[in-house]
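Engineer: Input: one structure, supplied below.
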């Protein structure tokens, strides 16, 4: 069985105590305000490097959505600047439920890096355990990260409708956004025809930690029939990675539609439900 893509605060602290600390990336981000560098500067896991989701884990907004995938050169430069090399063990975290950290986890895997885990419960669990917080800038030597063949999959926009007809396309947004009752971010409400809804908020407990695999399995069981391929989208391709991480815990390899709803609606000829 593959190693878990998650690591607990206690496990991470133990690695530091043993002198085997991984490269740690702080990916704090808020949907309405963007990347949270100020939060990082106010306090972070010691030696963690801040990674800007808006500029380093995403490209320029446009026809491919609000957070299109970054070009390879941009992502490689960001990882090297944060001290990541090809043989690095990497841990990524955000403020809590991993909705932003999962984007970094997915991108590292998409660029061929296998040894990456998400801090379960994020900084909230680290601080709740009483582990130290740093405020000084962390200086690291540049890494030698290179992009290699992907360990994660994408669903191209031209294949989305056919995929939804024959497989399982999961919309990871809140149920009211899926139904088109509200749309606080994008100019058009609704969802991609044929998609089913499973909000990412249902993947974690009240502490922001992922539910046990057996609980997740029960929740996803009715959505993912045996033998069907799975792909996920959200508003802009960020929180969908959280859904992919939850499915990974169940041994299900799901693809990401990177453009997601914000990219889908840039073409008015594409159908909407």
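Engineer: Being surrounded by 14 or more Cβ atoms within 10 Å (Cβ to Cβ), in contact with a helix residue (DSSP H, G or I) (Cβ under 8 Å, 6 or more places away or on another chain) and free of Cβ contacts under 8 Å to residues at least 40 places away in the same chain is the filter here; which residues of segment 24-44 pass it?
Structural biologist: 35 - this is the single residue of segment 24-44 that is surrounded by 14 or more Cβ atoms within 10 Å (Cβ to Cβ), in contact with a helix residue (DSSP H, G or I) (Cβ under 8 Å, 6 or more places away or on another chain) and free of Cβ contacts under 8 Å to residues at least 40 places away in the same chain.
Table: residues versus (1) out of contact with any strand residue (DSSP E or B) (no Cβ under 9 Å at 6 or more places or on another chain); (2) outside the structural domain of residue 21 (by TED's automatic domain parsing).
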{"position": "97", "(1), (2)": "no, no"}
{"position": "147", "(1), (2)": "yes, yes"}
{"position": "169", "(1), (2)": "no, yes"}
{"position": "172", "(1), (2)": "no, yes"}
{"position": "187", "(1), (2)": "yes, yes"}
{"position": "190", "(1), (2)": "yes, yes"}
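Engineer: Still on this structure, please answer the following. Given the criteria over 17 Å from residue 127 (Cα atoms) and not assigned by TED's automatic domain parsing to the domain that holds residue 257, does residue 28 qualify?
Structural biologist: no
Engineer: So residue 167 fits all but one of (1) surrounded by 19 or more Cβ atoms within 10 Å (Cβ to Cβ); (2) over 19 Å from residue 29 (Cα atoms); what number is the exception?
Structural biologist: Condition not satisfied by residue 167: (1).
Engineer: Sticking with this structure for a sec: Against the definition (closer than 21 Å to residue 108 by Cα, surrounded by 14 or more Cβ atoms within 10 Å (Cβ to Cβ) and in contact (Cβ under 8 Å) with a residue 60 or more places away in the chain), how does residue 50 come out, yes or no?
Structural biologist: For residue 50, the condition - closer than 21 Å to residue 108 by Cα, surrounded by 14 or more Cβ atoms within 10 Å (Cβ to Cβ) and in contact (Cβ under 8 Å) with a residue 60 or more places away in the chain - is not met.
Engineer: Select from segment 73-113 the residues that are over 14 Å from the mean Cα position of the chain (by Cα), in contact (Cβ under 8 Å) with a residue 60 or more places away in the chain and buried (at least 20 other Cβ atoms within 10 Å of the Cβ) and list them in ascending order.
Structural biologist: Correct list: 75, 79, 82, 83, 84, 90.
Engineer: Another question, if that's okay. Kindly provide the set of residues from segment 192-206 that are over 18 Å from the mean Cα position of the chain (by Cα) and part of a loop (DSSP other than H, G, I, E, B), ordered by number.
Structural biologist: Correct list: 192, 193, 194, 195, 206.
Engineer: Under the condition of being in contact with a helix residue (DSSP H, G or I) (Cβ under 8 Å, 6 or more places away or on another chain) and buried (at least 20 other Cβ atoms within 10 Å of the Cβ), which residue from segment 6-23 is farthest from residue 200 (Cα to Cα)?
Structural biologist: 12
The values are calculated or read from the model by the stated rules, or taken from the named source; none is laboratory data. Since this is a predicted model, take the numbers as computed values, not measurements. All Cβ positions, glycine included, derive from the backbone under ideal geometry; neighbour counts span all protein chains shown.
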